Amino acid sequence: QVQLVESGGGLVQAGGSLRLSCAASRRTVTMGWCRQAPGKEREFAATISRSRGATLYTDYVKGRFTISRDNAKNTVYLQMNSLKPEDTDVYYCAALDRDLLRRGVGQYDYWGQGTQVTVSS
């Protein structure tokens, strides 16, 4: 099992930035961030592999969000810039023990509890 603990969410004005962090209780291979609005399905945002550092983004966040990881700390980050009110969601950290970069949510084995991001206009 893996415990994932997110932090860094909050309230920010449109155009501002936030940095989310997610600490895993042990080594994982692929980590990612997904988002979910109330009453809607969870959506993929970004993912990163452990060994190659390769990344994949959904088109909506590409160029504004950057995913990175610190393998020594088993931590993944999501730097969110140029935030828009439409980015308001609960953001979830996710992980799996295989090297699999895919734009989806079904491949993940482990999930965090989520952190709220609210962008005011």
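A few remarks follow.
- Candidates Y92, Y110 - the one that is touching a Cys at 6+ places or on another chain (Cβ under 6 Å) and touching a residue at least 60 places away in the same chain (Cβ under 8 Å): Y92
- Test: residue in the stretch 69-85 that is surrounded by 16 or more Cβ atoms within 10 Å (Cβ to Cβ) and among the small types (G, A, S): no
- The stretch 73-109, subset hydroxyl-bearing (S, T, Y) and outside any strand (DSSP E or B), residue nearest to L56 (Cα to Cα): Y108
- Summed over the stretch 1-50, the residues that are of a type in the set (S, T, Y) and closer than 18 Å to Q107 by Cα give a count of 4.
- Counting only strands (runs of 3 or more DSSP E) wholly contained in the stretch 1-67, no element carries 2 or more residues that are surrounded by 16 or more Cβ atoms within 10 Å (Cβ to Cβ) and aromatic (F, W, Y).
All of the numbers you see were taken from the coordinates with simple rules; none came from a lab. Remember, it's a predicted structure, so these values are computed and weren't measured experimentally. A quick note on method: Cβ atoms are made from the backbone with ideal geometry, for glycine too, and the neighbour counts reach across all protein chains shown.
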